[in-house]
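**Q** The structure follows.
Only the coordinates and a few stated rules stand behind these numbers; no lab work does. Note that the coordinates shown come from a computational prediction; the quantities given were computed from them, not determined experimentally. Virtual Cβ from ideal backbone geometry, glycine too; neighbours counted across all protein chains shown.
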Amino acid sequence: KQEVTQIPAALSVPEGENLVLNCSFTDSAIYNLQWFRQDPGKGLTSLLLIQSSQREQTSGRLNASLDKSSGRSTLYIAASQPGDSATYLCAVRNSGGYQKVTFGIGTKLQVIP
Amino acid sequence: DGGITQSPKYLFRKEGQNVTLSCEQNLNHDAMYWYRQDPGQGLRLIYYSQIVNDFQKGDIAEGYSVSREKKESFPLTVTSAQKNPTAFYLCASSYTGDEQYFGPGTRLTVT
């Protein structure tokens, strides 16, 4: 059974700092991994999707890496801004069969002006 | 504008009543999903559908029912058999195996 863990559970940083969010998963037989952002009381917004054959994806100030063999992904946010404050979730889609998606609980990020 | 809509945003019901949550997408996605989100827990899958007229139970399907009569629509009914229905419900869609897109959610409160 796939398990997804995100560390830390919460993070508070001053504006302008670069930061790294971590996601680990127990079963390396994955199809892809997706990072999401969730604002309070809202739905999830897709940030980046990494296919199992890829090592990283970039979008603007965001960079996500994937090390399938060690069961880890990181989301790097450069030059953080107060608008980045949100909860960031990692989701892993298993390969084979239905391709079930397993979500982590998320990291709650606060960027202080 | 392409996207996923969920209605209503907030829903209040008395215990013992069935309630139906709406989910519509115009992204031409084949697959649709219903998740439940509770504080301190990851999203949990209730039901999913990969094609019209077919759907499968997820991890916590007891007390819920769905239909998929049209590609664009995947309504979720929360029945009186669901023991703890108060939660935030999220609908998502994707091309099969691809990136998931989420709706804005429905917050259901049952008293």
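**Q** Of the listed pairs A:Lys42/A:Lys108; A:Lys1/A:Lys68; B:Lys9/B:Lys70; A:Lys1/A:Lys42, which have alpha-carbon separations greater than 18 Å here?
**A** From A:Lys42/A:Lys108; A:Lys1/A:Lys68; B:Lys9/B:Lys70; A:Lys1/A:Lys42, over 18 Å: B:Lys9/B:Lys70; A:Lys1/A:Lys42.
**Q** Find the relative contact order for chain B and round it to a whole percent, using C-alpha pairs within less than 8 Å whose residues are 6+ positions apart. Spell out each step's value before the answer.
**A** On the way: 286 pairs, mean separation 39.3, N = 111.
Normalised by residue count, the contact order of chain B is 35 percent.
**Q** May I pose another question? Just to confirm my numbers, what's the Cα centroid distance between the stretch A:47-113 and the stretch B:1-54 in Å?
**A** So the two Cα centres are separated by 23 Å.
**Q** Follow-up question, since we're still on this one. Non-local amide H neighbours of B:Gly3 (under 5 Å, H modeled in plane, Pro and chain starts lacking H): which ones?
**A** Long-range HN contacts for B:Gly3: B:Asn26, B:Leu27.
**Q** When the dipole is taken about the Cα centre of the protein assembly as shown, and only Lys, Arg (+1) and Asp, Glu (-1) are charged at their Cβ, what size is it in debye, to the nearest 20?
**A** 420 debye
**Q** 7 Å from Cα along Cα→Cβ at both A:Ala10 and B:Arg13: what's the point-to-point distance in nm?
**A** For A:Ala10 paired with B:Arg13, the spin-label model returns 3.3 nm.
**Q** Can you list residues whose amide H is under 5 Å from A:Ile105's amide H, if they're 5+ apart or on another chain and H is modeled 1.01 Å from N?
**A** Amide H to amide H, under 5 Å and 5 or more residues apart or across chains, A:Ile105 pairs with A:Gln6.
**Q** Using θ = phi - 60° and the Karplus curve 6.51 cos²θ - 1.76 cosθ + 1.60, what whole-Hz ³J(HN,Hα) does each residue of the stretch A:82-91 get, with Gly and Pro shown as x?
**A** x, x, 7, 4, 4, 9, 10, 10, 10, 9
**Q** Wrap a convex hull around the Cα atoms of the protein assembly as shown, take a quarter of its surface area, and give that in square nanometres.
**A** 12.3 nm²
**Q** Using the Karplus equation 6.51 cos²θ - 1.76 cosθ + 1.60 (θ = phi - 60°), what ³J(HN,Hα) coupling, rounded to whole Hz, does each residue of the stretch B:93-105 give in order, writing x for Gly and Pro?
**A** 9, 6, 5, 3, x, 9, 4, 8, 10, 10, x, x, x
**Q** Work out from phi, with θ = phi - 60° and the Karplus expression 6.51 cos²θ - 1.76 cosθ + 1.60, the ³J(HN,Hα) of each residue of the stretch B:22-36, listed in order in whole Hz, and give x for Gly and Pro.
**A** Once rounded to whole Hz, the list reads 9, 9, 10, 9, 10, 9, 6, 6, 7, 9, 9, 9, 10, 10, 10.
**Q** Check A:Asp27: other-chain or 5+ apart residues with amide H under 5 Å from its amide H, H built from backbone geometry?
**A** A:Glu3
**Q** Please give the charge dipole size of chain B, origin at the Cα centre, charges +1 on K and R Cβ atoms and -1 on D and E Cβ atoms. Round to the nearest 20 debye.
**A** Rounded to the nearest 20 debye, it is 460 debye.
**Q** How about the stretch A:71-106: which chymotrypsin sites (Phe, Trp or Tyr not before Pro) there lie in a loop by DSSP and see at most 16 other Cβ atoms within 10 Å?
**A** Details: sites: A:Tyr76, A:Tyr88, A:Tyr98, A:Phe103; in loops: A:Tyr98.
The qualifying sites are A:Tyr98.
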